[in-house]
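The values are calculated or read from the model by the stated rules, or taken from the named source; none is laboratory data. Since the structure is predicted, the reported quantities are computational estimates derived from the model, not experimental observations. Here the Cβ positions follow ideal geometry from the backbone for every residue, glycine too, while neighbour counts run over all protein chains shown. Remember, those area values only see protein heavy atoms, side chains included, never the ligands or the DNA or RNA. Shrake-Rupley method; radii C 1.70, N 1.55, O 1.52, S 1.80 Å.
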Amino acid sequence: MTDTITVAAATAWLEAYADVVDAQRDHLTELDSAIGDADHGANMSRGTRAAVDKVLADQPAHLDGLLKAVGMTLVSTVGGTSGPLYGTFFLRLAAALGHEGEADPATLAAGLRAGLDGVIARGKAEAGDKTMIDAMDPAVAAFERAVTGGSVLGAAASAAADAADAGRDATEPLIARKGRASYLGERSAGHIDPGAASTALLFRSLAEALAA
Ligand code: ADP
Ligand code: MG
């Protein structure tokens, strides 16, 4: 049996993500109202739904076309700081997976790493700055470790999702050093970072799509 992420599985990932972002829209907004401007839930829900609509309308046949459409749609519809960052993640992932109908675990691991590197290059945040990087970095590292250790994709994505959840929770005591939350200084401590929360949902959705 081949263990790959197909165009259908990537589409299922995106649909699962839009659904869970929608379900947690108010929660993401609450997190962003504590240390930001209360728009993260609305931003992400609008953007992920637009990305699903675009993909279902265009029916891309290859992973690069699909993920590029997602990235471009997120850039143009999410807005805020997180739109361009999530957009960059998907555009880099698209380039790494290439003009193929499916990708094996090592290729997906390299693609997720490329996505993370793109977000870091664009946002200039480091681990511990209380941003989405604090969920994304441990998630990608866990995915790579699992794949290197011989895990199938579903198990690797599940390990990544667990690591993202832990990274999200670990943002709570941190003082924000990037983005809008950094304006609060020490008052940003005591709240989970909204972008880390939406990134944890991104990896949980991937685990769900790859387990199916
Ligand atoms: P805005 O802050 O413009 O309102 P959002 O509310 O949509 O945008 O997104 C806020 C999230 O963006 C933060 O919770 C944080 O995770 C993420 N973020 C902000 N700045 C950066 C950065 N420089 N690098 C990575 N992530 C960042
Ligand atoms: Mg905001």
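Give the accessible area for LYS68 in Å² (nearest 10); use a 1.4 Å probe, count only protein heavy atoms, and leave out ligands, DNA and RNA.
For LYS68, the solvent-accessible surface is approximately 110 Å².
How much solvent-accessible surface does THR107 expose, in Å² to the nearest 10, with a 1.4 Å probe and all protein chains in place?
50 Å²
For a label point 7 angstrom out from the Cα of LEU56 toward its Cβ, which stretches of segment 1-21 have the backbone nitrogen within less than 15 Å?
The answer is 11-21, whose backbone nitrogens lie closer than 15 Å to the label point.
Give the cross-link partners of LYS54 among the lysines, using a straight C-alpha distance below 23 Å as the criterion and excluding same-chain residues fewer than 8 apart.
Answer for LYS54, where 23 Å is the Cα cut-off: LYS68, listed by chain and number.
Could you please state how large a percent of the accessible area of segment 110-167 is carbon and sulfur, counting protein chains only and using a 1.4 Å probe?
With neighbouring chains kept in place, the figure for segment 110-167 is 54 percent.
Using Cα-Cα distances under 8 Å and only pairs 6 or more residues apart, what relative contact order does segment 59-156 have, in percent?
The value is 23 percent.
Ignoring ligands, DNA and RNA, what accessible area per residue does the chain give at 1.4 Å, in Å²?
42 Å²
Tell me whether segment 75-134 comes out rounded, prolate or oblate; compute the Cα gyration tensor, take square roots of the eigenvalues as a ≥ b ≥ c, and use a/c under 1.5 as the rounded threshold.
oblate
Which is the longest stretch in the chain that no exposed loop site breaks, taking sites as GluC sites (Glu not before Pro) with a DSSP loop state and at most 16 other Cβ atoms within 10 Å?
Answer from the scan: 1-99.
Mind listing the phi-derived Karplus ³J(HN,Hα) values for segment 138-143, rounded to whole Hz, using 6.51, -1.76 and 1.60 with θ = phi - 60°, and x for any glycine or proline?
Karplus-based 3J(HN,Hα) across segment 138-143 equals x, 5, 5, 4, 5, 4 Hz.
Suppose every K and R has +1 on its Cβ and every D and E has -1 on its Cβ; what is the size of the dipole of the chain about the Cα centre, in Debye to the nearest 20?
On the way: 17 positive and 28 negative charges, 110 e Å.
For this selection, approximately 520 debye.
Quick one: check the C-alpha center-to-center distance for segment 14-44 versus segment 133-177, whole angstrom.
If we compute the Cα centre of each part, the gap is 20 Å.
With contacts defined as alpha carbon pairs under 8 Å and 6 or more residues apart, what's the relative contact order of segment 5-211 in percent?
Details: 404 pairs, mean separation 47.6, N = 207.
Value for segment 5-211: 23 percent.
Divide, for the chain, the radius of gyration over alpha carbons by 2.2 N^0.38 Å, where N is the residue count.
Here the Cα radius of gyration is 0.94 times the empirical estimate.
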